[in-house]
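Down below is the structure, laid out as structure tokens.
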Amino acid sequence: MTTDQVIHVVDDDRLFLTALERTLGITGLQVRTYTCAHTFLDNFDPQQPGCLITDLRMPGTGGLELQKRLKELQVRLPIIFISGHANASTAVAALKCGAVDFLEKPFSEKDLLASVQLALDKDVDDRRLVREQTLVQQRFSNLSPREQQVFALVVSDLPNKKIARELMISPRTVEHHREHLMLKMQAHSTAELITMAVLCGIHELHL
């Protein structure tokens, strides 16, 4: 956990909301509570690290609808669903859509805190990945058009001679472009370059 993280909790049951806030207070992090999804959407800062705990069933916008809305807004805030009236198919649907965990009421303090830790750790990892992706994309944009072409062919595992034939240039020129793009991308190996290509969206990783 980091001190700038915020735990957001959305639940229409005020008593339960107060109980959750008290329990989560032992984390030492800031806990913000909301009685409906709209209040949360109107007040949260997507740039603020943290996680979201939301009831599945609420008047108006429910948990799944809130999850969908956050995806539409391209907000990658880890979500923990809680519910006292859920079935297995609903839980599976929530998890398939990216929820970190699904807790069925009543749940223990231990399970709640473990789920929150998992969600906060995921948020740290997700934000680090976004920063790395942005940095790599900036480096890629600084490559020349020819270097970008060579980049795409190199990560496709083509040897220099085939790349040369593809681009109708000499193998020596291909090697020259390859050295330059490696320096500009700050890549130390072809494997690292492939990872960067995946982050740039110009190559699919085949497992």
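The values are calculated or read from the model by the stated rules, or taken from the named source; none is laboratory data. Just so you know, these numbers come straight off a predicted model, no measurement behind them. Cβ atoms come from the backbone with ideal geometry, glycine included; neighbour counts cover every protein chain shown. Ligands, DNA and RNA are stripped out before the accessible areas are found, and what is left, the full protein with its side chains, is counted by its heavy atoms. Shrake-Rupley method; radii C 1.70, N 1.55, O 1.52, S 1.80 Å.
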(message) Rounded to the nearest 20 debye, what is the charge dipole size of segment 63-207 about its Cα centre when +1 sits on each Lys and Arg Cβ and -1 on each Asp and Glu Cβ?
(response) 500 debye
(message) Could you tell me which residue out of Pro46, Leu73, Ile7 lies farthest along the dipole of segment 1-112 toward its positive end? Charges go on the beta carbon: Lys and Arg +1, Asp and Glu -1, centred on the Cα centre.
(response) Leu73
(message) Let me confirm the definition first: pairs of Lys residues in segment 74-207, 8 or more apart or on different chains, C-alpha distance under 27 Å. How many are there?
(response) 7
(request) Take the alpha carbon atoms of segment 123-207, find their radius of gyration, then divide it by 2.2 N^0.38 Å using N residues; give the quotient. (result) 1.12
(request) Please give every one of the aspartates and glutamates within straight-line cross-link reach of Lys68, meaning a C-alpha to C-alpha distance under 20 Å, and leave out same-chain neighbours fewer than 8 residues apart. (result) Asp11, Asp12, Asp42, Asp45, Asp55, Asp101, Asp123, Asp126
(request) Loop only per DSSP, at most 16 neighbouring Cβ atoms within 10 Å: give me the GluC sites (Glu not before Pro) in segment 123-207, ordered by residue number. (result) Glu204
(request) Compute the convex hull volume of the Cα atoms of segment 2-154, divide it by the residue count, and report the result per residue in Å³ as a whole number. (result) 138 Å³
(request) Using a 1.4 angstrom probe on heavy atoms only, work out the carbon and sulfur share of the accessible area of segment 117-207 in %. (result) 55 percent
(message) To test your reading of the geometry: what angle, between 0 and 90 degrees and rounded to tens, separates the Cα axis of helix 14-24 from the longest principal axis of the chain?
(response) 60 degrees
(request) Over segment 157-207, average the accessible area per residue using a 1.4 Å probe and give it in Å², no decimals. (result) 71 Å²
(message) Kirkwood Rh over alpha-carbon pairs of segment 6-60, then Stokes-Einstein at 25 °C and 0.890 mPa s: what D in µm² s⁻¹, rounded to an integer?
(response) 215 µm²/s
